[in-house]
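What follows draws every value from the coordinates through simple rules; no lab data is involved. Keep in mind the model is a prediction, meaning the values are calculated, not measured. Heads up, the Cβs are rebuilt from the backbone with ideal geometry, glycines too, and the neighbour counts pull from every protein chain shown.
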Amino acid sequence: MVLDATLSVFRAIGEESRLRIMALLAQGELTVSELTQILGQSQPRVSRHLKILADAGLVERHREGAWMFYRVAGRARREESLTAVLFAIAAMKDSGDRIIARDAERFAQSRQARAAQAAAYFEANAKEWNRLRRLHLPESDIEARMVALAGKNPVAQFIDLGTGTGRMLEIFADRYETGVGYDLSHEMLAIARANLEQAGVAHAQVRHGDLFSLPMESETADIVCLHQVLHYLAEPEAAVREAARLLKPGGRLVISDFAPHELEFLRDDHAHRRLGFSDDEVRAWCAAAGLGLERVETLSPSSGERKKLTVKIWLCTAPADVRRLRSRAA
Ligand SMILES: C[S@@+](CC[C@H](N)C(=O)[O-])C[C@H]1O[C@@H](n2cnc3c(N)ncnc32)[C@H](O)[C@@H]1O
């Protein structure tokens, strides 16, 4: 049995394109069309390789609307043979192989192109953002629930990741002593500054920064917020990891985003990458980042609001002894 499973893993991986695909997926989740572009191979060919890898249990896929996402099989399904494959891939990467290095470069370019597309959308729509964000959200209910979930007691440090027009800094303003919002879009930041000034929120500031690697010490925040940001990102789990790094022991991460949906046009017209997230997916990111998923709220649009989407709020907490949990997760 073990021999058969190991043989099927090595048969699947024993081909150059498939080994390259595994090396790429070890860096992060990709769609078939992204893999096609990076490898410079036809879509049917790439799909055939992916099927062989999936049948051998090396990768897993999930369909979301018209897009199919692929990633390395999760830890729960991982055979020892796959762990060995991943070690070999890491060694290959470190050895500076020319083809693997070129693929890694193309992977980075693909991620940059994706981020640039979303950034262009935000720069172009910054002034319209407050109107756009209402299109698909039953907004006032969500804001009230988010603030309620974060608890009644004021906290010292609040951090809003992907702050946009600074709305979260505004609605949480009476809950924190100091607030800081990070965003990559200068247009958004300019509007956030004006909005906060107009709302009289003098104890918050906004800064230019990439939410995947922020210039902030670890364990400084009591509350971190990710409101309607994750569905734009190629690596949402990495954003959750960075948020977890910022949280003090016992701190809380409030995530709000869409439940799984099928509005494909949001990808083309509004730069969305993901069509919502399941509770299980968020729970897995939290667990990997050393956080516990404490509560889930579901806010469905009322029957008169057919164009709006179901929104989720996930409340995640860092354990009081955060270091112990992180070392266990590692
Ligand atoms: C949909 S807006 C949400 C803004 C705000 N949280 C709200 O709910 O109104 C997403 C924001 O995330 C920002 N963003 C996207 N990727 C980012 C990154 N890597 N680092 C920082 N901000 C990012 C965008 O510039 C944009 O302003």
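What is the helix-to-structure angle for 80-94, meaning the angle in degrees between its Cα long axis and the longest Cα principal axis of the chain, kept from 0 to 90 and rounded to the nearest 10?
80 degrees
For the chain, find the longest principal axis of its Cα atoms and tell me its angle to the long axis of helix 16-25, 0 to 90°, nearest 10.
20 degrees
Once both labels are modelled 7 Å past Cα along the beta-carbon direction, what's the S47-F265 spacing in nm?
Result: 2.6 nm between the two label points.
Calculate the spin-label point distance for S300 paired with T6, positioning each point 7 Å from the Cα along the beta-carbon direction, and give it in nanometres.
With each label placed 7 Å out from Cα toward Cβ, I get 5.1 nm.
Within a 10 angstrom radius of the beta carbon, how do H231, H208 rank from fewest other beta carbons to most?
Result, fewest neighbours first: H208, H231.
Among the lysines, select those whose C-alpha is under 29 Å from the C-alpha of K51, and discard any that sit fewer than 8 residues away in the same chain.
Correct list for K51: K93.
Using a Cα-Cα cut-off of under 22 Å, which lysines could be cross-linked to K312, ignoring same-chain neighbours fewer than 8 residues away?
Qualifying lysines at Cα under 22 Å: K152.
Given the -39500 (n - 2.57) contribution per DSSP H run of 4+ residues, what per-residue ellipticity at 222 nm results for the chain, rounded to the nearest 500 deg cm²/dmol?
Using -39500 (n - 2.57) per qualifying helix, the result is -14500 deg cm²/dmol.
Could you give the length gained on full extension between F87 and A104, defined as 0.36 nm per residue of separation minus the Cα-Cα distance, in nm?
Gain on extension, F87 to A104, equals 4.5 nm.
At a 10 Å Cβ-Cβ cut-off, how would you order M92, M22, fewest neighbours first?
Lowest count first: M92, M22.
Which of V32, V254, V229 has the fewest other C-beta atoms within 10 Å, and how do the rest follow up to the most?
Ascending Cβ contact count within 10 Å gives the list V32, V229, V254.
Does anyone have the angle between helix 186-198 and the longest principal axis of the chain? Alpha-carbon axes, 0 to 90°, nearest 10?
Rounded to the nearest ten degrees, it is 20.
Each residue of region 240-252 in order: what ³J(HN,Hα) in whole Hz does its phi give by Karplus 6.51 cos²θ - 1.76 cosθ + 1.60, θ = phi - 60°, with x for Gly and Pro?
Using θ = phi - 60°, the values come out as 5, 5, 5, 4, 5, 4, 6, 6, 5, x, x, x, 10 Hz.
First measure r as the distance between the Cβ atoms of Q112 and E80, then evaluate 1/(1 + (r/R0)^6) with R0 = 35 Å and state the FRET efficiency to the nearest 0.05.
Rounded to the nearest 0.05, the efficiency is 0.50.
How would you rank 308-315, 274-281, highest first, on the average number of other Cβ atoms within 10 Å across their residues?
308-315, 274-281
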